[in-house]
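Participant: The structure that follows is given in the form of C-alpha cells.
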Amino acid sequence: VCSSDLTATATMVEDEVHSPTHESQHEKNRHAMEIKAWKVYDASFSGLDLTNALFFPGLITQLAKDLGYSAYNSFWYYTSTVSNLITLVCYLTLSPAADYGNLKRSLLTFFTGLGVIWCVLIMTTVTKECIWLVALIYIVTRQCFRMAEVFYLSFLLPIARNIDVCHQMSAKAASMRYASMLLFVLGCAASLAAPTLKKMRNYWLEYRVPIALSGLWWFVFSSYTFAYLGQHTGKPFPKDTKTVPQMLAFCAKKGIHGQLKNIKKVWKMKDLRLFMIGFFFVGDSLNTALSSAAVFAKDVLKMSDAILAAAALAAVAGSAFGLAVTARLVHRNIVKPKTIICCSVVSLICLVAQLTWIEGPVLIIALMFCAGVVGGPMGGYTRSILASFIPAECEVEFFNTWQFAMRCSNWLGVLIIAILNTFMAQHYRYIVVATVVLEAAVGLPFLLMVNVERGSTENKYRAVTRRTVQITTYTDKSGEPSASDSTVAPVSVPSASSSSYFSPCAIEPPQPMLATDSASEPIGDSMCASSIPLVAVPLADVVVIKALRQDVNL
C-alpha cells in the first residue's frame, strides 16, 4: 500500500469526523452560548472583589478597634495571612479533582453555593464580640471564592479551543467584571452614603449589607452560567476509586505529587518559569495593596465611606476604560499583551509611591482612576498569556500550579506589614507603600525577560497533543511474529480534545508515518506483504488503528 493511499484514507476519516465545517448549527449556537456563559460568571466575582478589598477589612479592623486591641490594624493582616495559608492546603487537596471524571462543573457549583451562603451569614454578626465569627466568615468565603476561580479558569481553554479566542474571551470577561463592579458600587451607594450623611457609624449599612449583597450578586450571575456551561469531563478515576471519599483521597494524593511534578515541568519551560516567578512577586504586591486599601484609606487618609466608595467607583471605571482601550490595541496588533502588563507594573509602582505624600479627596480619586486605567488590563491578559504556555489537556493542573504559586506568595506581604506594624505602628503609612513597591520592583525584571511568542510556539503540546502508538511486532515472511524486527516508528496522533485541534488556526495534523524495520528503512514493496503500514486516526479520546489488510498480526 503506497503512502498516498494512507494519506487519502487519513484525510477522509479526519474530514468526516473532526472537520470544523461539519459542525451542526446547533453545536455552533451551543458553543456560542457557552462562551457567553463563561464570560458572565466572571461578572459574578465583581462583588466579591470589592467585598474582600473594602468591606471585610474595614469591618474586621473597626471591630478590633472597638474592642480596644492594641495595633488593631495588625488583626486584619494576621487574619488575611491565615486565610492565604489555608488556601494553599485547599489547592493541594481539592483542585486536582477537576482533572478527573465529571467533577469540574459540580465542584464549581458546590463552591459557588457554599460561598453565597456564608456571605449571607454575615447578617448574623450582631455585636462587636462576633469579631471571630466575622473572621471565620471571611476565611470560608475567601476559600470558596478562590476554589471557584480555579475551576472556572479551567474551562477557559476547552471552551476557547484556540489561543486567539482565548485572548478575546479573557479580555471581554474582565470587561464584564469591571462593568459589573460599577453596577455593584452603584447598588451599594445608598447603603454607604447614609451613615456619612447622618454623621454616625452604622456597621449594618457600611459593611454587613454590602457583604450580603455580594453573595446574592454571585448567585444571580452564576445561575445564568450554570444554565449553559457544559460538563467537559476529565480523565477517568482508577477502577478502585468508586466512592466520593475515595475520589477526594485520590485527588489529595494526586495534588501533592502533581504539584511537585508540575513545578519540575514549569522549571523546564523557560518562559513559563520566568512569567510565574515574576508574578510570584507582582501578584503578592497587588494582593498586599488590595488587602491594605480599606485600612489605609480609613486610618491614614481619613476617608469617609462616601469618599471611599467614590474612589472605588473611580478605580473600577478606570479599569473598564483601560481594558477597553488595550483590547482594541491588541486586537489590531498595535501592542502585545506582555507589553501592556509590563507597562502596567511600572505605572502602578509610580502611582503607589505617590501615597507617601498625597492628601485630599480629589487627588485620591484621580489617583485611583489612574491606577484602574493601568491596572485593569493586567488581570485580563495575565491569564490569557498563561494559557498560551500551558500544554493542551493540562489546563487544570497548570492553572492550579499557577494559583498555588500565587497563594505561596500572597501571605508574604501582609505578614511583613503585620509584624512591622506591631512594633512600629507610627510608620504604618511608609511600611505599606515600601512593601508594595519593593515586591513589584523585584518581579518586574522577570516579566521583561519573558518571550510570549517563543513560549507559545516552542511548546509542542500547545498546538497539537501527539500521542504515540507503538506496534511492537509484525509478521515476517513465514507469518510468525518477528521479535528481532520489533522496532516500529511511532505514529503521531493529534488528540481530538486538543484545544487548538478544532481551530481554523490550528496547524495541520501530522501525516501518517509508515512503520519501519530495525534498520529504520521504510517498509515498502520489497518487504513482506503482511508487514503493512497502519493509519492512526483521532476519534474522541480513543485512538482507532485501522489495518489496511486483514492478515495483520499485532
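Participant: Of the residues that sit in the stretch 290-300 and are of a type in the set (A, V, I, L, M, F, W, C) and part of a helix (DSSP H, G or I), which one is surrounded by the fewest Cβ atoms within 10 Å (Cβ to Cβ)?
Facilitator: Step one: of the stretch 290-300, the residues of a type in the set (A, V, I, L, M, F, W, C) are 290, 293-297, 300.
Still in the running and part of a helix (DSSP H, G or I): 290, 293-297.
Working: L290: 17, A293: 20, A294: 26, V295: 24, F296: 19, A297: 22.
Here the answer is L290.
Participant: In the stretch 22-55, what count of residues is obtained for those that are under 20 Å from E149 (Cα atoms) and part of a loop (DSSP other than H, G, I, E, B)?
Facilitator: 1
Participant: Further question: Out of T93, T87, I need the residue that is touching a helix residue (DSSP H, G or I) at 6+ places or on another chain (Cβ under 7 Å), more than 27 Å from K128 (Cα to Cα) and of a type in the set (S, T, Y). Which one?
Facilitator: On the way: T87 fails: more than 27 Å from K128 (Cα to Cα).
Among T93, T87, only T93 is touching a helix residue (DSSP H, G or I) at 6+ places or on another chain (Cβ under 7 Å), more than 27 Å from K128 (Cα to Cα) and of a type in the set (S, T, Y).
Participant: Additional query: State which residue pairs qualify: first residue touching a residue at least 24 places away in the same chain (Cβ under 8 Å) and crowded, with 16+ Cβ neighbours inside 10 Å and inside the stretch 254-268, second residue assigned to a helix (DSSP H, G or I) and among the hydroxyl-bearing types (S, T, Y) in any location, beta carbons under 6 Å apart, and separation of 6 or more residues or different chains.
Facilitator: G255/T93; N262/T401
Participant: Okay, next question. Would you confirm whether or not the stretch 145-166 contains a residue that is touching a Gly at 6+ places or on another chain (Cβ under 9 Å), in a helix (DSSP H, G or I), among the basic types (K, R) and in contact (Cβ under 8 Å) with a residue 60 or more places away in the chain?
Facilitator: Among the residues of the stretch 145-166, not one is touching a Gly at 6+ places or on another chain (Cβ under 9 Å), in a helix (DSSP H, G or I), among the basic types (K, R) and in contact (Cβ under 8 Å) with a residue 60 or more places away in the chain, which makes the answer no.
Participant: Would you check which residues across the stretch 44-61 are under 12 Å from A294 (Cα atoms) and open to solvent by 20 Å² or more (accessible area, probe 1.4 Å) and list them? Even if it seems obvious, please write down each step before you answer.
Facilitator: From the stretch 44-61, those under 12 Å from A294 (Cα atoms) are 50-61; that's our starting set.
Selection gives L54 alone.
Participant: To continue, here is another question. Report yes if L323 is more than 24 Å from P57 (Cα to Cα) and out of contact with any helix residue (DSSP H, G or I) (no Cβ under 7 Å at 6 or more places or on another chain), otherwise no. So that I can check it myself, show each step before the final result.
Facilitator: On the way: more than 24 Å from P57 (Cα to Cα): yes; out of contact with any helix residue (DSSP H, G or I) (no Cβ under 7 Å at 6 or more places or on another chain): no.
No, not satisfied.
Participant: Is the stretch 21-40 home to any residue that is within 30 Å of A306 (Cα to Cα), at pLDDT 85 or above, under 21 Å from the mean Cα position of the chain (by Cα) and not polar (S, T, N, Q)?
Facilitator: Filtering the stretch 21-40 down to residues within 30 Å of A306 (Cα to Cα) leaves 40.
Those still in the list that are at pLDDT 85 or above too: 40.
So of that shortlist, the ones also under 21 Å from the mean Cα position of the chain (by Cα) come out as 40.
Filter again for not polar (S, T, N, Q), leaving 40.
Looking for residues that are within 30 Å of A306 (Cα to Cα), at pLDDT 85 or above, under 21 Å from the mean Cα position of the chain (by Cα) and not polar (S, T, N, Q), one finds at least one in the stretch 21-40, hence yes.
Participant: Mind checking which pairs have a first residue in the stretch 207-236 that is at positive phi and a second that is in a helix (DSSP H, G or I) and open to solvent by 50 Å² or more (accessible area, probe 1.4 Å), Cβ under 8 Å, 6 or more apart or different chains?
Facilitator: H232/R105
Participant: If only one of E453, E439, E395 is among the charged types (D, E, K, R), buried (at least 20 other Cβ atoms within 10 Å of the Cβ) and at pLDDT 75 or above, which one is it? Show your work before the answer.
Facilitator: Numbers: E453 fails: buried (at least 20 other Cβ atoms within 10 Å of the Cβ); E395 fails: at pLDDT 75 or above.
That would be E439, the only listed residue that is among the charged types (D, E, K, R), buried (at least 20 other Cβ atoms within 10 Å of the Cβ) and at pLDDT 75 or above.
Participant: Anything in the stretch 336-356 that is of a type outside the set (S, T, Y), open to solvent by 30 Å² or more (accessible area, probe 1.4 Å) and over 22 Å from A312 (Cβ atoms)? List them, or say none.
Facilitator: Those that are of a type outside the set (S, T, Y), open to solvent by 30 Å² or more (accessible area, probe 1.4 Å) and over 22 Å from A312 (Cβ atoms): K336, K338, C343, V346.
Participant: When you scan the stretch 343-354, do you find a residue that is in a helix (DSSP H, G or I) and either more than 27 Å from M181 (Cα to Cα) or at pLDDT below 85 (or both), even just one? Break it down stepwise before answering.
Facilitator: Filtering the stretch 343-354 for residues in a helix (DSSP H, G or I) gives 343-354.
Okay, now just the ones that are also either more than 27 Å from M181 (Cα to Cα) or at pLDDT below 85 (or both), so none.
There is no residue in the stretch 343-354 that is in a helix (DSSP H, G or I) and either more than 27 Å from M181 (Cα to Cα) or at pLDDT below 85 (or both).
Participant: Test L229 against the criterion of being within 25 Å of T141 (Cα to Cα) and either touching a Gly at 6+ places or on another chain (Cβ under 6 Å) or open to solvent by less than 50 Å² (accessible area, probe 1.4 Å) (or both), and give yes or no. Working first, answer last.
Facilitator: Working: within 25 Å of T141 (Cα to Cα): yes; either touching a Gly at 6+ places or on another chain (Cβ under 6 Å) or open to solvent by less than 50 Å² (accessible area, probe 1.4 Å) (or both): yes.
Taking the combined requirement at face value, the residue satisfies it.
Participant: If you go through the stretch 114-128 one residue at a time, how many are in a helix (DSSP H, G or I) and touching a residue at least 40 places away in the same chain (Cβ under 8 Å)?
Facilitator: First, the residues of the stretch 114-128 that are in a helix (DSSP H, G or I): 114-124, 128.
Within this subset, residues satisfying the condition of being touching a residue at least 40 places away in the same chain (Cβ under 8 Å) are 115-120, 122-123, 128.
Total meeting the criteria: 9.
Participant: Still on this structure: So which of A174, A160 ends up being under 27 Å from V414 (Cβ atoms) and either surrounded by fewer than 23 Cβ atoms within 10 Å (Cβ to Cβ) or modelled with pLDDT under 90 (or both)? Step through it out loud before you land on a result.
Facilitator: On the way: A160 fails: under 27 Å from V414 (Cβ atoms).
After ruling out the rest, the residue left standing is A174.
Participant: Tally time: how many residues in the stretch 301-335 are in contact (Cβ under 8 Å) with a residue 24 or more places away in the chain, part of a loop (DSSP other than H, G, I, E, B) and open to solvent by 30 Å² or more (accessible area, probe 1.4 Å)?
Facilitator: Of the residues in the stretch 301-335, 1 are in contact (Cβ under 8 Å) with a residue 24 or more places away in the chain, part of a loop (DSSP other than H, G, I, E, B) and open to solvent by 30 Å² or more (accessible area, probe 1.4 Å).
Participant: Which members of the stretch 406-421 meet the condition of being under 17 Å from F296 (Cα atoms) and either assigned to a loop (DSSP other than H, G, I, E, B) or open to solvent by 60 Å² or more (accessible area, probe 1.4 Å) (or both)? Talk me through it step by step, then tell me what you get.
Facilitator: The first filter runs over the stretch 406-421 and keeps only residues under 17 Å from F296 (Cα atoms), leaving 413-421.
Listed by number, the residues that qualify are I416, I419, L420.
The values are calculated or read from the model by the stated rules, or taken from the named source; none is laboratory data. The structure presented is a predicted model; accordingly, all values stated were derived computationally and were not measured. Every residue, glycine among them, receives a Cβ derived from its backbone with ideal geometry; neighbour counts consider all protein chains shown. Note: accessible area is taken over every heavy atom of the protein model, side chains too, but ligands, DNA and RNA are not part of it. Shrake-Rupley method; radii C 1.70, N 1.55, O 1.52, S 1.80 Å.
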